[in-house]
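Notes follow once the structure below has been shown.
Here, each number is a calculation from the coordinates, and none is a lab measurement. The model shown is predicted, which means the values in this text are computed figures rather than measured ones. Neighbour counts run over all protein chains shown; Cβ positions are idealised from the backbone, glycine included.
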Amino acid sequence: MNESGNSKRIRRAARIIVLDHESRVLLFRFDVCDRPPFWVTVGGECEADECFEDAAVRELFEETGIRADPGTQIARTTPEFITVEGEPIQADERYFLIRVDKPEIDTGGHTELERKVMTQHRWFTLSELADWPEAIFPDNLVEIISTAR
């Protein structure tokens, strides 16, 4: 049993909310077989010996080419879901927020799996998030951003 009272592996992950100079948020679209497309923030699983802050720096650079200090944690979520590899997990996701002047993204650091499933990236206004026809995770992203401003 894990700390949430179930037998799923706890997957520690750092998530980074990247805002541009217009307060648009960067999201990546995932296209995974047998699932509807969904959009998520930058980030991913912590390595075994890695703290959330170090994972945030690493994931930010690997997924966007941006080198930045993510600062302090602004939110935490603990959703249960099935990873893109098919593993049911209990997530422990810590959120960080950075602001960038230029909305230029370099996806050259993506892994083979990321290149396969992360098919698009896009900058969203907060009003677009409210009416977007595809799932966006975390589902309280607008609230997290609004609280952190």
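Look at the alpha carbon pairs under 8 Å that are at least 6 residues apart: their mean separation over the length of region 1-119 gives a relative contact order of 33 percent.
Rounded to the nearest 10 degrees, the inclination of helix 52-64 to the longest alpha-carbon principal axis of the chain is 60 degrees. Distant-in-sequence amide contacts of Arg12, defined by a placed amide H-H separation under 5 Å and a gap of 5 or more residues or a different chain, comprise Cys46, Asp92.
Distance between the 7 Å Cα→Cβ label points at Ala68 and Asp31: 2.8 nm. Length available on full extension from Asp101 to Glu134: 0.36 nm per residue minus the Cα-Cα distance, which gives 9.2 nm.
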